[in-house]
Amino acid sequence: MILFGCLMASVGGVIFLNHLIWDSMRPRPIPTPQVPIGLSSLSARECGACHQDIYSEWLESRMGNSMQNAAFLMDWKAKGELPYCLSCHAPLEAQQPEILHGVVWPLPMVLSRDPNPLFDPDLRSEGVTCVVCHVRDGAVVTAKQVHAPHPTHVGALGEVCARCHQMPTSPLHPLRRPLIDTWGEHANWKDKTGQSEDCVACHMPRTERNGGAGHSHRFPGGWDPVVVNASVALSVPTYEGDHWVVELTNLTGHRFPTGETTVSAELRFVGLDEKGQPLATETTPIGRHVMGPPFIDIDDSSLLEGETRAFRAQFSNDPQRRIRTVRVEVWKLRYFFEPELRKTIAPQDAEALVATAESKP
């Protein structure tokens with residue numbers, strides 16, 4: 001009887017643990033919407049027949065290439081092609097080769113799954129395709145009233161971003177905040193500043209097309225040099241006593257850096273001699289370092305929303321005081337904590353210069 005009770009307690013514990021894991025595995029795939037009247041499919045190619053400029057922009061975007069991204073595909077395959085990852089990279093149920101029902105066993109994780117009879121591999125290849133954001137209740141959601149050969153209704157689109165840019169808080173992962181926390185950071189920014197702009201303001205900027213003004217569907221972000229170079233501001237470095245000081249201000253609507261925790265940043269003091277030649281470099285990491293799974297925070301030095309932070313350097317390896325001026329550089333380091341993923345991108349993309357400032361002679 002005692003053995004039976006222990007067995008039942010163990011089974012109950014596994015069921016409870018699996019429930020917690022399954023509940024934390026969000027977002028779930030989006031139920032495939034019905035094809036709006038006037039359209040013959042959910043493919044972005046059909047949207048592109050009329051919206052040619054928007055379609056071309058989307059094709060170049062990281063949304064349109066979410067299932068072609070070499071770094072993601074390498075990481076996904078290394079993790080056993082966990083179907084859960086597709087909930088963001090190919091969000092529609094019809095883009096999922098399997099239907100997940102729950103967790104059978106926690107470690108190593110075994111999922112209950114069945115083949116998806118409605119799986120469309122061509123649709124999956126489109127990644128974050130048009131209907132993910134724009135089709136609801138049999139109509140195409142638009143930012144303004146338009147005349148179209150299919151049903152439309154005006155609605156907010158900015159909140160759609162939260163689905164994949166804000167991970168849930170999992171009771172199983174001892175993280176100090178969600179693994180991806182950009183939407184929450186943006187909410188903090190709005191609370192602090194009183195601003196009301198949503199993600200669209202920066203990541204879908206206004207653009208002129210042949211058909212008139214609209215919002216860009218290139219979705220510029222952490223890989224776009226214009227966006228990256230506008231993300232921070234540096235003060236002029238000054239010499240105070242025995243050290244150099246510079247102030248770095250986060251100009252984004254969230255933390256800097258944000259998003260994937262494989263991305264980091266670095267502030268570098270470069271000591272220059274009287275001829276402007278570099279003599280020494282002092283570096284300070286900026287970002288959030290997470291290890292796992294199971295995920296744990298190692299360090300988090302990311303700049304808060306709107307924060308201005310002072311950084312200092314002494315150049316202790318310059319005893320003869322040959323350093324006359326300093327140049328301060330802020331660099332974005334992509335896949336910094338995942339060296340294998342770095343191999344999937346061009347070397348010039350691994351590091352991006354964000355901002356620079358030089359002290360006065």
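What follows draws every value from the coordinates through simple rules; no lab data is involved. All of these numbers come straight from a predicted model, not from anything done at the bench. With ideal geometry, Cβ positions are generated from the backbone for all residues, glycine too; neighbour counts draw on all protein chains shown.
Using the Cβ-Cβ distance between Q52 and D349 with R0 set to 35 Å, the FRET efficiency from 1/(1 + (r/R0)^6) comes to roughly 0.80. Put in order of Cβ neighbour count within 10 Å, fewest first, the listed residues I323, I15 become I15, I323. Taking all Cα pairs closer than 8 Å and separated by 6 or more residues, the relative contact order of the stretch 225-358 comes to 31 percent. With R₀ set to 30 Å, the beta-carbon distance separating R176 from A78 gives a calculated FRET efficiency near 0.70.
Quick one: go through the stretch 302-332 and flag any residue whose amide nitrogen is under 13 Å from the point 7 Å out along the Cα-to-Cβ line of Q195. Flagged as within label range: 305-307.
Can you give me the angle between helix 2-24 and the longest principal axis of the chain, using Cα atoms only, in degrees from 0 to 90, rounded to the nearest 10? That helix lies at roughly 70 degrees to the long axis. Straight Cα distances below 17 angstrom link K360 to the aspartates and glutamates E240, D242, E247, D273, E274, E329, with same-chain residues fewer than 8 positions distant left out.
Angle of helix 182-193 to the longest C-alpha principal axis of the chain, folded into 0 to 90 degrees and rounded to 10: 60°. A simple spin-label model places pseudo-atoms 7 Å from Cα toward Cβ; at V110 and T169 they are separated by 3.3 nm. Rounded to the nearest 500, the 222 nm mean residue ellipticity of the chain from helices alone is -6500 deg cm²/dmol, with -39,500 (n - 2.57) taken per DSSP H run of at least 4 residues. Projected label points at H243 and A230, each 7 Å from Cα along the beta carbon direction, are separated by 3.4 nanometres.
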